[in-house]
Amino acid sequence: MTRDQFNAFCASLPQTTHVVQWGNADVWKVGGWADGVDAFTFKAGDIAWEVLRDQPGIRPAPYLASRGMKWLQHYAKPGLPDDALEDHLRQSYDMVVAKLTRKLRTELGLV
């Protein structure tokens, strides 16, 4: 089965939603938890996790949080104001970059 055949088959199934995740993987969801509304997922530090996870419009990120990872998803209003969301996205980026090896950070020009 080719990728195109796989996608055509999955698209023919009722109530499926296509997303591309994890390094260009085609993922098909049934009834999808993202109901057509933009959602933004970010890694959170300990304090942000505790403070934000129960705020209206924010939830532990599906699939990630259930595996013990501290990732949050801004999925509905009121959520976070744009500037606060940008701050959390930047902090998430910084946390992910910090976990890369020094060699990879150097190769990517992030040192």
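The values are calculated or read from the model by the stated rules, or taken from the named source; none is laboratory data. Keep in mind that what you see is a predicted model, and the values were worked out from it rather than measured. Every residue, glycine as well, gets a Cβ built from its backbone with ideal geometry; the counts of neighbours run over all protein chains shown.
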Can you pull out every residue in the range 27-47 that is in contact with a strand residue (DSSP E or B) (Cβ under 7 Å, 6 or more places away or on another chain) and modelled with pLDDT of 80 or more? Phe40, Thr41, Phe42, Lys43, Ala44
For the range 73-105, how many residues are part of a loop (DSSP other than H, G, I, E, B) and either without any contact (Cβ under 8 Å) to a residue 40 or more places away in the chain or more than 14 Å from the chain's Cα centre (by Cα) (or both)? 8
When (1) hydroxyl-bearing (Ser, Thr, Tyr); (2) part of a loop (DSSP other than H, G, I, E, B); (3) in contact (Cβ under 8 Å) with a residue 24 or more places away in the chain are applied to Thr41, the one that fails is (2)
Tell me which residues, restricted to the range 61-72, are within 14 Å of Ala39 (Cβ to Cβ) and modelled with pLDDT of 90 or more. Trp71, Leu72
Those residues of the range 7-16 that are at pLDDT 80 or above and surrounded by 10 or more Cβ atoms within 10 Å (Cβ to Cβ) come to a total of 5
